[in-house]
Every structure is written in structure tokens, then in C-alpha cells.
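The values are calculated or read from the model by the stated rules, or taken from the named source; none is laboratory data. The model shown is predicted, which means the values in this text are computed figures rather than measured ones. We place every Cβ from the backbone using ideal geometry, glycine too, and count neighbours over all the protein chains shown. Side chains are part of the model used for accessible areas, which takes the heavy atoms of the whole protein and leaves out ligands, DNA and RNA. Shrake-Rupley method; radii C 1.70, N 1.55, O 1.52, S 1.80 Å.
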Amino acid sequence: MNRLVYGIGINNQEIPSRINGIQTKEYKLWCRMLVRCTEKYWDKRPTYIGTTCSNNFKNYSYFYEWCHMQVGFGNKDEKGNVWHLDKDILIKSSKVYDESVCIFIPARINTLLIKSNASRGEYPIGVRWHEKSKKFHARCCYGVCGKTKHIGSFNTQQEAFQAYKTFKEALIKDVANEYRAQLDTRAYQALMKYEVNISD
């Protein structure tokens, strides 16, 4: 009987997980997904607490075949980075890796949607208190590592958040249109309807 991978997954050896001693990209992706469904990972990344995967995705052979039928699998962005497996664009805040909702998206889009709950503190998403100016500042990540945009300074958290929301939703649409020809249609439609909520 095969040992479970990360206590969850089944690799029945029907499809090779290694070629010439090197893990295949499908197997590495599968393992990265499985580890996100473990309590050990949750200890380091609390936003993943409760994350699970479907019974089908627990089977490596199924996952392998599924990947090869998906739009965007194997794609690389302009920096040569492979596209990410995403579980929560089609169903916002989804905690389940499931074949009906998972899609492949560029790293830039994935980064745009990260909420950074642990680092932003007590204020709404996109909002920080600036002590020197005694104002609430709205800033937005461009989806490119390290690049942010200062949107403006405001008297209230609500004003700052609204400015962030307007800017961020427009930015998501712009980036979605840049990748439109490569994206899964479901991903494109979800991004065009994406709403930033103050509770994000």
C-alpha cells in the first residue's frame, strides 16, 4: 500500500513523478498544493487554516491529467515564472482546492489579489495611518514585486478605503485585459467583476 503524501495525497505510480531523478512540474505543483492543506503549514501561514482539497485532487494521476486540460497550465509570464494554481478567484476566499474552481493565473494577477492580512494592522485593506501628516494614506500594490502606488491622503479611513477600492478594481480590470487572450474565460470574467470589500 502506498504511503500517503503529506498524509493526504495518493501517488499510485501510474504517472511518473520523476524523470531522470528530477521531480516533474506536475508533481511539484501537486505537493505544494497538498502541503497547504496541512496543519504544519497553517502554523506558519494562518490565512490557510482550514484549507482542503477535493478527493479527486488527492489522487496524483487525476491531478496530472486535470492540469493538462487547463488553460494556462505550463504558461510562463514575461519574467519566465510559471503561472500559479489559484483556488479563490472564481469563489472569493475559497478554502478548497477543487477541480471545478481552480484555475491557472499569472503571478502578477495572483499578487494583485493577496490581502496581506498579517502585515496591514488595524486599518482596512489599502489604508495606513501616516503619523507625520496625521492623515490616512491609501496605497496599492501594482502586482509587481516591491512596486506600490500612493493614491492619496485622507481625513478618514473610509475615504482612504474608497479611494483604494476604486483604484484597485480599475487596476485589476486593466491587468486582466492585458492577459485576456491567455486567460481562462472564467478567470477573465471573475476579474472583471471583482469587488474589493472593506472586510477583505
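The stretch 10-162: Rg/Rh from Cα coordinates, Kirkwood Rh?
Ratio of gyration radius to Kirkwood radius: 1.07.
With the full set of protein chains in place, find how many percent of the accessible area of the stretch 122-200 is carbon and sulfur; take the probe as 1.4 Å.
50 percent
Once phi is turned into θ = phi - 60°, what whole-Hz ³J(HN,Hα) does the Karplus curve with 6.51, -1.76 and 1.60 give for every residue of the stretch 25-37, x standing for Gly and Pro?
Values, residue by residue: 5, 5, 5, 4, 5, 4, 5, 5, 5, 4, 5, 5, 9 Hz.
Top to bottom by accessible area (1.4 Å), largest first, where do Phe154, Phe161 land?
Descending accessible area places them as Phe154, Phe161.
In degrees between 0 and 90, to the nearest 10, how far off the longest principal axis of the chain does helix 157-178 point, with axes built from Cα atoms?
50 degrees
Suppose every K and R has +1 on its Cβ and every D and E has -1 on its Cβ; what is the size of the dipole of the chain about the Cα centre, in Debye to the nearest 20?
On the way: 31 positive and 20 negative charges, 137 e Å.
In total the dipole reaches around 660 debye.
Per DSSP H run of n ≥ 4, the term is -39500 (n - 2.57); total these for the chain, divide by its residue number, and report the mean residue ellipticity at 222 nm rounded to 500 deg cm²/dmol.
Computed ellipticity for the chain at 222 nm equals -9500 deg cm²/dmol.
Report the relative contact order of the chain, percent, no decimals, based on alpha-carbon pairs under 8 angstrom and at least 6 residues apart.
Once divided by the residue count of the chain, the mean separation gives 15 percent.
Lysine pairs in the stretch 67-116 with alpha-carbon atoms under 18 Å apart, 8 or more places apart or on different chains: how many are there?
Lysine pairs meeting the criterion: 4.
What longest region of the chain stays clear of trypsin sites (Lys or Arg not before Pro) that DSSP places outside H, G, I, E and B and that have at most 12 other Cβ atoms within 10 Å?
With trypsin sites (Lys or Arg not before Pro) excluded where exposed in loops, the chain gives 4-78 as its longest stretch.
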